[in-house]
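**Student:** First the structure, which I've put down as structure tokens, then a few questions once you've had a look.
Bear in mind that the values in this text are calculations on the coordinates, not laboratory data. Note that this is a predicted model, so its numbers are computed, not measured. Note: ideal-geometry Cβ built from the backbone for every residue, glycine included; neighbour counts use all protein chains shown.
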Amino acid sequence: MKLTGFAFGIRIVKSFSIEDKLGAIIDEILYSDKSEFNEKIFTDLNENHNTKVLFNRNVEGNRFTITPRDFIFDYNIQNSFDSEYQKYLDSYVEVITKRIFSNFKINNIARFGFIIKSDLDDKDQLLQEVSEIIKKHKGMDDSLSLRFNVVTKKPLKMNNDFITEDYDNEIITYNKQNPTSPLSFSVDYQKYFKPELNIIDDATQDFATFCNNALNSFKTTYLKSENNG
């Protein structure tokens, strides 16, 4: 298995007030002190209605999407997964969750998200049992698209004895677009807050801890099982 990329995302309840602030938010992302999401990584901006996408036309896959609901950073690994993951996680926390969410009074946080992307070898242990089941019904020489999710309820008891309906969701995806493309494998870790958080600091687990715990789970579940297989 080769780790190829990751994505950070936070979703809020749609806020119409953010629509008028998207330009200022873009400036903050690009030009604020110590931001890793600067003009060196993002040289271009695509605008479509209330969606703004920072990207680099010379680097496929790297983009930062900002809408009245989402703050999503997608990144393809250039050299080292661990070091690049840590660098951009630190900056995402500092610039997005601490600076922008505070300065622009962004409330009603609905979901944390973290995706880990990888390519699998054709003989990867992780896919053997699944592929055997698939082959009993249909060959998979040309292409494959397999997606399933696991939901885990995570209710919290609040100070006033109110119990939330929070839950975690893991979306596991196998994909092979054509006979010559690599077989990709990704896990999308999601934490839902029901009801939504008033402010991001109300989360019992901050965004960095959420991502680090998810990465540890991925390495334990998939990388160690692969190495031991």
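**Student:** Take each of the peptides 150-163, 23-36, average the number of other beta-carbon atoms within 10 Å over its residues, and list them starting from the highest. List each step's numbers first, then the result.
**Tutor:** Details: 150-163: 9.3, 23-36: 14.9.
Top to bottom by mean Cβ count within 10 Å: 23-36, 150-163.
**Student:** Output wanted: per-residue J couplings in Hz (rounded whole) for region 32-45, from phi through Karplus 6.51 cos²θ - 1.76 cosθ + 1.60, θ = phi - 60°, x for Gly and Pro.
**Tutor:** 6, 4, 6, 6, 7, 9, 9, 5, 6, 8, 10, 9, 9, 9
**Student:** What does a probe at N50 reach in region 4-23, counting residues whose amide N is under 19 Å from the point 7 Å along Cα→Cβ?
**Tutor:** From region 4-23, the list is 10-23.
**Student:** Same structure, new question: Which of rounded, prolate, oblate describes region 1-130, given a ≥ b ≥ c as roots of the alpha-carbon gyration tensor eigenvalues and a/c under 1.5 marking rounded, otherwise prolate only if a/b is larger than b/c?
**Tutor:** In terms of gyration-tensor shape, prolate.
**Student:** Anything over 31 Å Cα to Cα? Flag those among K40/K153; K154/K219; K52/K117, in the order listed.
**Tutor:** K40/K153
**Student:** Starting from the 7 Å offset along Cα-to-Cβ, what nm value, one decimal, do you get for the label separation of N38 and Q205?
**Tutor:** Output for this residue pair reads 3.3 nm.
**Student:** Helix-derived [θ] at 222 nm for the chain: sum -39500 (n - 2.57) over DSSP H runs of at least 4, divide by residue count, nearest 500?
**Tutor:** Helix contribution divided over all residues of the chain: -7000 deg cm²/dmol.
**Student:** Let me ask something else. Roughly speaking, what is the stretch gain from K105 to Q78, that is 0.36 nm per residue apart minus the C-alpha to C-alpha distance, in nm to one decimal?
**Tutor:** 6.3 nm
**Student:** Each label point is 7 Å from the Cα along the Cα-to-Cβ direction; what then is the distance between the points at S143 and I172, in nm?
**Tutor:** Here the modelled spin labels are 2.3 nm apart.
**Student:** If you take the square roots of the eigenvalues of the alpha-carbon gyration tensor of region 2-228 and sort them as a ≥ b ≥ c, do you get rounded (a/c under 1.5), prolate (a/b over b/c) or oblate?
**Tutor:** Oblate.
**Student:** Can I ask one more? For a quick check: with amide H placed at 1.01 Å from N, whose amide H comes under 5 Å from F71's, ignoring anything fewer than 5 positions away on the same chain?
**Tutor:** Here the answer is I10, since their amide H atoms fall under 5 Å of that of F71.
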